[in-house]
1. Need at least 1 residues that are over 24 Å from LYS182 (Cβ atoms) and either within 12 Å of the chain's Cα centre (by Cα) or at pLDDT below 90 (or both) per element, so show me which helices (runs of 4 or more DSSP H) inside the range 1-75 make the cut, counting only ones lying wholly within it.
2. Determine whether the range 149-161 contains at least one residue that is under 16 Å from ILE31 (Cβ atoms) and free of Cβ contacts under 8 Å to residues at least 40 places away in the same chain.
3. If you take the residues in the range 1-41 that are of a type in the set (Gly, Ala, Ser) and surrounded by 15 or more Cβ atoms within 10 Å (Cβ to Cβ), which one is farthest from ALA103 (Cα to Cα)?
4. Looking only at the range 161-177, which residues are in contact with a Cys (Cβ under 8 Å, 6 or more places away or on another chain) and of a type in the set (Asp, Glu)?
5. Is there any pair linking a residue in the range 1-29 that is in contact (Cβ under 8 Å) with a residue 12 or more places away in the chain and within 11 Å of PRO59 (Cβ to Cβ) to one that is aliphatic (A, V, I, L, M) and outside any helix (DSSP H, G or I), with Cβ under 9 Å and at least six apart or on different chains, and which?
6. Condition first: outside any helix (DSSP H, G or I) and over 19 Å from ILE17 (Cβ atoms). Now tell me which residues in the range 139-160 satisfy that.
7. If you take the residues of the range 32-57 that are without any contact (Cβ under 8 Å) to a residue 24 or more places away in the chain and among the hydrophobic types (A, V, I, L, M, F, W, C), which of them is farthest from SER172 (Cα to Cα)?
8. Run down LEU167, LEU136 and say which single residue is within 25 Å of LYS26 (Cα to Cα), over 15 Å from the mean Cα position of the chain (by Cα) and either aromatic (Phe, Trp, Tyr) or surrounded by 15 or more Cβ atoms within 10 Å (Cβ to Cβ) (or both).
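The values are calculated or read from the model by the stated rules, or taken from the named source; none is laboratory data. Remember, it's a predicted structure, so these values are computed and weren't measured experimentally. So basically every Cβ, Gly included, is an ideal-geometry build from the backbone, and we count neighbours across all protein chains shown.
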Amino acid sequence: MLRRFCHFQVEPTVDEIVGYLLDHGKDSRVIAYLKNCPEDLFPKKWDETLLDRKANPFPYTWEVAASLIEGKKIDPDIPSVAITMGNLVASCVGPEVAGRFMAYCKTIGKFDILTFIKKPKEEITKIEKDNERASLFYAIISSLASYWFAKNKKLTPEKVVQICQGLPAEFSVAFLKMIVKKRTRELTDITGFQKLLTSLGIYFDEI
């Protein structure tokens, strides 16, 4: 039967998957994890063991995992909550990848997104000193992008520009690439947005 078909392998990019997950309002922790660990978007090995493992990381299984854990929080005082969430993710993408995802969720639990929106300058300074700097910044911009797509009133266009001005350039660009296709007019109407794009322009082809 295999010889009776033509076979093409189509692999979407991480940015395409992230854009899709944002469009559909999926859990921002999954989005942040995939931005930070794009190597876990697909299985590392494509062989007969995929069937043996049953659960493997693919864009669709990540989407299902994101839906299953929506609204669930990791509470260190209630271990069963973390175990349940870990089991749900493992059932979709496999236990090895789920373990890394759960560890990532515990790391990004260090910050509060609402506090960040209120005091971005102070929070950015704190994160710059953290050993998990990159992971935290990816988590923040993913959470902010989810707020933007959901039209959350706490994240105004003015606040977006303010945050982008304070973020390290590479994360400011990554954030803008996530959100600029939605509510674009609201951003371009803000004083300073065009200047921000000009100042970051040299980075856009590098990320």
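1. It comes to 49-53.
2. If we filter the range 149-161 for residues that are under 16 Å from ILE31 (Cβ atoms), which is where we start, we get 149-150, 152, 155.
Then drop every residue that is not free of Cβ contacts under 8 Å to residues at least 40 places away in the same chain, which leaves 152, 155.
Checked the range 149-161: at least one residue is under 16 Å from ILE31 (Cβ atoms) and free of Cβ contacts under 8 Å to residues at least 40 places away in the same chain.
3. Narrowing the range 1-41 to residues of a type in the set (Gly, Ala, Ser): 19, 25, 28, 32.
Checking the rest, the ones that are also surrounded by 15 or more Cβ atoms within 10 Å (Cβ to Cβ) come to 19, 28, 32.
Working: GLY19: 24, SER28: 15, ALA32: 13 Å.
Applying the filter and picking the extreme gives GLY19.
4. First, pick out the residues of the range 161-177 that are in contact with a Cys (Cβ under 8 Å, 6 or more places away or on another chain): 172, 175-176.
The answer is none; no residue qualifies.
5. Qualifying pairs under 9 Å: GLU11/LEU41; PRO12/LEU41; VAL14/LEU41; ILE17/LEU41.
6. Going through the range 139-160, the residues outside any helix (DSSP H, G or I) turn out to be 150-156.
Answer for the range 139-160, where residues must be outside any helix (DSSP H, G or I) and over 19 Å from ILE17 (Cβ atoms): LYS151, ASN152, LYS153, LYS154, LEU155, THR156.
7. The residue in question is LEU51.
8. Details: LEU136 fails: over 15 Å from the mean Cα position of the chain (by Cα).
From the options LEU167, LEU136, the qualifying one is LEU167.
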